[in-house]
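Visitor: Before I ask anything, here is the structure I am working with.
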Amino acid sequence: MDLDKILSISGKPGLYKMIGQMKNGVIVESLEDGKRMPALAAHQISALEDISIYCAEEDKPFKEVLRKMHEHSNGKEVGVSLSDADGLKKYFEEMLPEYDKDRVYVSDIRKAVKWYNALLKADLITLEEEEKGAAAAPAESNPEKEDGEDVKIEDDNSNKTQTKGKSSEPEEKPNEN
């Protein structure tokens with residue numbers, strides 16, 4: 001889930017995807033209807049990557065909150081009515097029990113639920129495990145290594161050889177002169 005290009009613009013409804021940059025702002029595309037428009041530097045623009053939710057111990061990045069919402073709702077839209085303040089509080093309490101009830105307002109919860117549903121509808125929510133699994137898959141198909149065989153990695157800078165994470169002195173190489 002790449003949230004650094006997903007933006008919230010103060011005074012504008014919904015979420016926007018950053019398409020390009022101008023000298024005095026950015027060009028954005030609405031996730032809701034796909035319309036493009038400029039967002040000038042005068043607007044208050046926040047990337048979802050930079051947003052976090054207040055919690056008792058430490059603030060949770062919004063990316064983690066989205067992942068918890070996705071797990072809690074089994075990958076479906078959150079079905080809580082946005083006009084039901086008590087329902088929103090109850091949902092957030094079940095999903096993220098450690099959130100700070102004094103500093104996170106119903107309007108914040110409403111916005112988080114709206115954003116989650118918008119990202120889900122735009123198919124922009126992916127779980128970290130899926131991303132890591134996709135990145136790890138090519139590494140597992142190393143044709144040079146067979147099961148049980150040690151892999152040696154030579155570092156050109158230090159002239160040391162590593163085997164399974166252990167470092168050893170370079171092997172004596174016979175002089176060809």
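The values are calculated or read from the model by the stated rules, or taken from the named source; none is laboratory data. These numbers come from a predicted model, not from an experiment. Heads up, the Cβs are rebuilt from the backbone with ideal geometry, glycines too, and the neighbour counts pull from every protein chain shown.
Visitor: Could you list, in sequence order, all residues of the stretch 58-73 that are closer than 12 Å to Leu96 by Cβ and of a type in the set (Asp, Glu)?
Guide: Asp59, Glu64, Glu71
Visitor: Tell me, which strands (runs of 3 or more DSSP E) wholly within the stretch 1-48 include 1 or more residues that are surrounded by 13 or more Cβ atoms within 10 Å (Cβ to Cβ) and either at pLDDT below 95 or small (Gly, Ala, Ser) (or both)?
Guide: The strands (runs of 3 or more DSSP E) meeting that bar are 6-9, 25-30, 36-40, 45-47.
Visitor: Please count how many residues of the stretch 90-114 are of a type in the set (Lys, Arg) and under 21 Å from Glu77 (Cα atoms).
Guide: Within the stretch 90-114, residues that are of a type in the set (Lys, Arg) and under 21 Å from Glu77 (Cα atoms) number 4.
Visitor: Among the helices (runs of 4 or more DSSP H) contained in the stretch 69-142, which hold 3 or more residues that are farther than 23 Å from Ser10 by Cβ and at pLDDT below 95? Full working, then the answer.
Guide: Details: elements: 85-95, 106-121, 128-140.
Those helices (runs of 4 or more DSSP H) span 128-140.
Visitor: Please specify each residue of the stretch 40-57 satisfying the condition of being touching a Leu at 6+ places or on another chain (Cβ under 9 Å) and of a type in the set (Asp, Glu).
Guide: Listed by number, the residues that qualify are Glu49, Asp50.
Visitor: Considering only residues that are crowded, with 16+ Cβ neighbours inside 10 Å and of a type in the set (Gly, Ala, Ser), which ones fall in the stretch 49-74?
Guide: Hit for the stretch 49-74 is Ser73, nothing else.
Visitor: To continue, here is another question. What are the residue pairs meeting all of these: first residue in the stretch 44-59, first residue farther than 16 Å from Asp108 by Cβ, second residue of a type in the set (Asp, Glu) and modelled with pLDDT of 95 or more, Cβ atoms under 8 Å, and 6 or more apart or on different chains?
Guide: Listed by first residue and then by second, the contacts come to Glu57/Glu98.
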